[in-house]
């Protein structure tokens, strides 16, 4: 119950978006510097170094600053800016208030100087080099002007020798912090660039490991993994039965010999794209090797699966596979088989391969459906179909 209350309170205070929560939390953590500044002023008023009215004015400005920045972060207004953390504006406002505190704390004003460096350190991990230089320059200039003013108006509490030392420390320490922030920013940029390069390399490796370079389809190794996943799902649920089809581009060697391997590669790419468009989103097409392709036709029967293959034939017949060579067409022979429960995948693939062999023997440009019983049935193409098979070929189909 207590943990749930704390989680709910945290969501109300910081929001639920992870990065935004972190920004708000850092902003509230930085507010601790202001709490220290208020405590110092209260002590100075108690010791008689400050007037209670001055403490009230500075403390009011501090509270307003905290509330305004929290409202900006919590409302999401900060997301409209290039730096959603708004590090530089927050540091500028904090430096302004602290230097104001330096000007009104009288004899204990030197203790506020450490708050300047603390504020700059809060921004050291987020600010870019330009922002660091702006913050450092603003701090040194504002501090210098404030020291000159106080030496002129309150020389008792702000004597020349002491203020010279304070300004010298500010001029030495603040630029050093700025330089360190710039170096850390540069280091972050290099690390981020290396991280991006590594992520891109991993993506490329993943693509190389799972995709065929030429066609962009799944390669043989990854297709075997996909088939294994579908088999496990079928074994587990008993649903989503599937068929496998082996496709072979007819007379592909003739295309290579006549037009060259460059045209052959274009035919392979065009063939893969056309067949992919003809299939359903749930079907999976892979390059199995050379001019052979394996199709996983998910959640269907062999008869319905063959309709998808016929759509591919029609689309291929209408597609120009090679620019400038419209006469180059591609047909394919196919062996189609359903997956039988609990059989090894290689048995199903071998059955599709035997059906493909029968399709080639039947004159090509057709599909042979072979069930697990060993019976095969030729499905002639309706698109540019070859002549009817001879009696001997019919005998081979049903052998």
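Looking at residue 58, is it in a helix (DSSP H, G or I) and either surrounded by fewer than 17 Cβ atoms within 10 Å (Cβ to Cβ) or modelled with pLDDT of 80 or more (or both)?
Numbers: in a helix (DSSP H, G or I): yes; either surrounded by fewer than 17 Cβ atoms within 10 Å (Cβ to Cβ) or modelled with pLDDT of 80 or more (or both): yes.
Considered against the rule, which asks whether it is in a helix (DSSP H, G or I) and either surrounded by fewer than 17 Cβ atoms within 10 Å (Cβ to Cβ) or modelled with pLDDT of 80 or more (or both), residue 58 comes out as yes.
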Q.
Condition (residue is over 14 Å from residue 131 (Cβ atoms), more than 52 Å from the chain's Cα centre (by Cα) and surrounded by 15 or more Cβ atoms within 10 Å (Cβ to Cβ)) applied to the range 158-177: is it met by at least one residue?
A. yes
Q: Take the range 100-120 and flag every residue that is closer than 17 Å to residue 175 by Cα and touching a residue at least 24 places away in the same chain (Cβ under 8 Å).
A: 113, 115, 116, 117, 118, 119, 120
(Q) So for the range 257-265 (the condition being out of contact with any strand residue (DSSP E or B) (no Cβ under 9 Å at 6 or more places or on another chain) and surrounded by 19 or more Cβ atoms within 10 Å (Cβ to Cβ)), does at least one residue qualify? (A) yes
**Q.** Selected residue (only one of 162, 191 is under 30 Å from residue 49 (Cβ atoms) and either without any contact (Cβ under 8 Å) to a residue 12 or more places away in the chain or assigned to a helix (DSSP H, G or I) (or both))
**A.** 162
Q) residue 316 fails exactly one of the following numbered conditions: (1) in contact with a strand residue (DSSP E or B) (Cβ under 6 Å, 6 or more places away or on another chain); (2) buried (at least 21 other Cβ atoms within 10 Å of the Cβ). What is the number of that condition? A) (1)
Q: Name every residue in the range 303-327 that is part of a loop (DSSP other than H, G, I, E, B) and either more than 39 Å from the chain's Cα centre (by Cα) or at pLDDT 95 or above (or both), in order of residue number.
A: 324, 325, 326, 327
Q. Only one residue in 352, 376, 387 is modelled with pLDDT under 90 and crowded, with 16+ Cβ neighbours inside 10 Å, so which one is that?
A. 376
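Condition first: under 22 Å from residue 290 (Cα atoms) and assigned to a loop (DSSP other than H, G, I, E, B). Now tell me which residues in the range 328-342 satisfy that. Steps first, please.
Just the residues of the range 328-342 that are under 22 Å from residue 290 (Cα atoms), to begin with: 328-337.
Within the range 328-342, 328, 329, 330, 331 qualify.
From 201, 272, grab the single residue that is at pLDDT below 90 and assigned to a helix (DSSP H, G or I). Let's see the steps before the verdict.
Values: 272 fails: at pLDDT below 90.
Every option except 201 fails the conditions.
Residues to consider are 76, 123, 131; find the one that is surrounded by fewer than 14 Cβ atoms within 10 Å (Cβ to Cβ), farther than 20 Å from residue 154 by Cα and touching a residue at least 40 places away in the same chain (Cβ under 8 Å). Give the derivation first.
Details: 123 fails: surrounded by fewer than 14 Cβ atoms within 10 Å (Cβ to Cβ); 131 fails: surrounded by fewer than 14 Cβ atoms within 10 Å (Cβ to Cβ).
Matching residue, one of 76, 123, 131: 76.
Could you pull out the residue among 96, 87 that is within 21 Å of residue 126 (Cα to Cα) and either surrounded by fewer than 17 Cβ atoms within 10 Å (Cβ to Cβ) or touching a strand residue (DSSP E or B) at 6+ places or on another chain (Cβ under 9 Å) (or both)? Give the steps one after another, and end with the answer.
Details: 87 fails: either surrounded by fewer than 17 Cβ atoms within 10 Å (Cβ to Cβ) or touching a strand residue (DSSP E or B) at 6+ places or on another chain (Cβ under 9 Å) (or both).
The match here is 96.
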Q. Does the range 281-300 contain at least one residue that is in a helix (DSSP H, G or I) and touching a residue at least 40 places away in the same chain (Cβ under 8 Å)?
A. no
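The values are calculated or read from the model by the stated rules, or taken from the named source; none is laboratory data. Predicted model only: the values in this text are computed from it and were never measured. We place every Cβ from the backbone using ideal geometry, glycine too, and count neighbours over all the protein chains shown.
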